[in-house]
1. Checking H113 against (1) under 18 Å from A24 (Cα atoms); (2) modelled with pLDDT of 95 or more, which test does it fail?
2. Name the one entry in V81, V64 that is in a strand (DSSP E or B), without any contact (Cβ under 8 Å) to a residue 40 or more places away in the chain and open to solvent by 20 Å² or more (accessible area, probe 1.4 Å).
3. State which residue is nearest to S156 (Cα to Cα) when the search covers only the stretch 28-59 and only residues that are small (G, A, S) and either open to solvent by 60 Å² or more (accessible area, probe 1.4 Å) or not in a helix (DSSP H, G or I) (or both).
4. If you scan the stretch 250-271, which residues turn out to be surrounded by fewer than 14 Cβ atoms within 10 Å (Cβ to Cβ) and among the small types (G, A, S)?
5. Would a scan of the stretch 229-237 turn up a residue that is more than 19 Å from T160 (Cα to Cα), buried (at least 16 other Cβ atoms within 10 Å of the Cβ) and either modelled with pLDDT under 95 or basic (K, R) (or both)?
6. List every residue pair whose Cβ atoms lie under 6 Å apart, where the two residues are 6 or more positions apart in sequence or sit on different chains, the first residue falls within the stretch 86-101 and is among the small types (G, A, S), and the second residue, located anywhere, is modelled with pLDDT of 95 or more and buried (at least 20 other Cβ atoms within 10 Å of the Cβ).
7. Might you check whether a residue that is among the charged types (D, E, K, R) and within 16 Å of N177 (Cβ to Cβ) occurs anywhere in the stretch 65-85?
8. If you check D291 against the conditions, is it over 21 Å from the mean Cα position of the chain (by Cα) and at pLDDT 95 or above?
Amino acid sequence: MRIRDLSPAEFRQRLTGDGIRLAAGPFQCRLHSGIPDIADELARLYAHHPLVDSKAFTDFHVSVQPGRGMRRWLAPQARFVVDAVEPFTPLPRNQALPMLEWGLNWCITAYSHHILVIHAASVARNGRAAILPAPPGSGKSTLCAALVNRGWRLLSDELTLIRLDTGQIMGLARPVNLKNASIDIIRAYAPDAFLTRPILDTTKGTVALMAPDQASVEAVDEWADPAWMILPRYRAGAEAALSPMGSGAAFLQLADNAMNYHVMGARGFDAVGGLVDRCRNYRFEYSRLDDAIAVFERLAGEAA
């Protein structure tokens, strides 16, 4: 049974009651909220994810709750809670939905030291994956969303998960975080994709979430082999072009974006080194999405 099999009333009742238990990649999560306003969009974001039995082991019990006291009504707030702990400062109540997503990302990063977690998007074609690490404002999520809406499989937008034993990338297939101008760009580029309503004035600017496609969610247990590490950079007017990156620079990029590299010691060093050795490493500059997609298609064709 999947989230889409629940009626809106059933989803809202579970979310605000005992919680929605679902599988997101290798993790089983219980999502709960005392803010029912998020229910309809949350149900559409996770429509294709499978429900998990209430007796099954749960990795993360997460919740967004209303502010306390007068903050329930005066400048109302949302609080993120994981296992009865509140690790973050409350946000305005209208940011409850992205707060839930950001908080779940934090949980995965904070507690998943059995895998290497890289702050990077990753997409796959025919079992071969491209890793896209990049700082904010580089166009990483825009490029990721465009690729997914042109036939590439979404592994992850924010957190790329690397198995330490095989070096393969695990699927996560959770919503894509879009910011500022990217929101309207993807609405126009992929009109059939579901995007939440834009939320203004967050710490990241205006944000909206794009639902993962059904095929990506249903293939989440199929690990992908890393084939390319591509550092994207959007620059207005630039032609889409790849330039080779040396192994040393590629290692530094991946290590710098690895969220738990500093706690993994030699295991992290070996995992990053293995990725560099297995991938063809590039810098990538682009401005037009169609041109960028064409470059990625050529890479996939060469690999085939």
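1. All conditions are met except number (2).
2. V81
3. In this case the residue turns out to be A47.
4. Residues satisfying the conditions are G265, A266.
5. yes
6. A96/I35; A96/I38; A96/V64; A96/A78
7. Within the stretch 65-85 (the criterion being among the charged types (D, E, K, R) and within 16 Å of N177 (Cβ to Cβ)), the answer is no, since none of the residues qualifies.
8. When the stated conditions are applied, D291 passes them.
The values are calculated or read from the model by the stated rules, or taken from the named source; none is laboratory data. On a predicted model such as this, the values are computed, not experimentally measured, just so you know. Note that we place each Cβ from the backbone using ideal geometry, even for glycine, and neighbour counts take in every protein chain shown. Accessible surface areas use protein heavy atoms only, side chains included; no ligands, DNA or RNA. Shrake-Rupley method; radii C 1.70, N 1.55, O 1.52, S 1.80 Å.
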